[in-house]
Amino acid sequence: MKIVLVSACALVDADNRILLAQRPAGKSMAGLWEFPGGKVEAEETPEDALIRELQEELGIVTWATCLAPLSFASHRYDDFHLLMPLYICRKWDGIARSQENQNLKWVKAKQLRDYPMPPADEPLIPALIDLL
């Protein structure tokens, strides 16, 4: 089975809210809410992938020194297995704005379960609730 490595980020603002992005129509799992991030490309570290994805998806800039690993998800889908490290980031330059027509929402950790998420994202919620 193919293993897909995806980096995800819990961006945390000054009010301890976490940014969620809604998968747009036309993508797999459209309408579900997820932590920003994306696939780690060949020759990229998970941190490099997050820095690139946050710039592409949200128009913000951050640095590897501002990405703290928190947890990870390991989830088997029908045609691949997803391995997804989750990082916390509290420092970035710019204002997070949708660059790819996805809806964005800042939510408190205890509200994360109110948003339907892909199966791989759901096990990450307890670590965020415990932290925040």
Handout entry: Subset of the range 74-132 [part of a loop (DSSP other than H, G, I, E, B) and polar (S, T, N, Q)]
Key = 98, 99, 101, 102, 103
Completion exercise
Of the residues in the range 14-36, those that are small (Gly, Ala, Ser), in contact (Cβ under 8 Å) with a residue 24 or more places away in the chain and over 17 Å from residue 99 (Cβ atoms) come to 31
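Can you tell which of 85, 46 is surrounded by 15 or more Cβ atoms within 10 Å (Cβ to Cβ), in contact with a helix residue (DSSP H, G or I) (Cβ under 8 Å, 6 or more places away or on another chain) and either closer than 23 Å to residue 112 by Cβ or small (Gly, Ala, Ser) (or both)? Before the answer, list the steps.
Working: 46 fails: in contact with a helix residue (DSSP H, G or I) (Cβ under 8 Å, 6 or more places away or on another chain).
Result of the check over 85, 46: 85.
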Practice task
Out of the residues in the range 49-65 that are free of Cβ contacts under 8 Å to residues at least 40 places away in the same chain and loosely packed, with under 15 Cβ neighbours inside 10 Å, state the one that is nearest to residue 4 (Cα to Cα).
Solution key: 64
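One line per residue, one yes/no per condition, for (1) within 16 Å of residue 127 (Cα to Cα); (2) within 14 Å of the chain's Cα centre (by Cα):
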{"position": "14", "(1), (2)": "no, no"}
{"position": "49", "(1), (2)": "no, yes"}
{"position": "53", "(1), (2)": "no, yes"}
{"position": "70", "(1), (2)": "yes, yes"}
{"position": "76", "(1), (2)": "no, no"}
{"position": "83", "(1), (2)": "no, yes"}
{"position": "91", "(1), (2)": "no, no"}
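Computed from the coordinates by the stated procedures, all read-outs in this text should not be read as laboratory data. Computed from a predicted model, the values in this text were never measured in an experiment. So basically every Cβ, Gly included, is an ideal-geometry build from the backbone, and we count neighbours across all protein chains shown.
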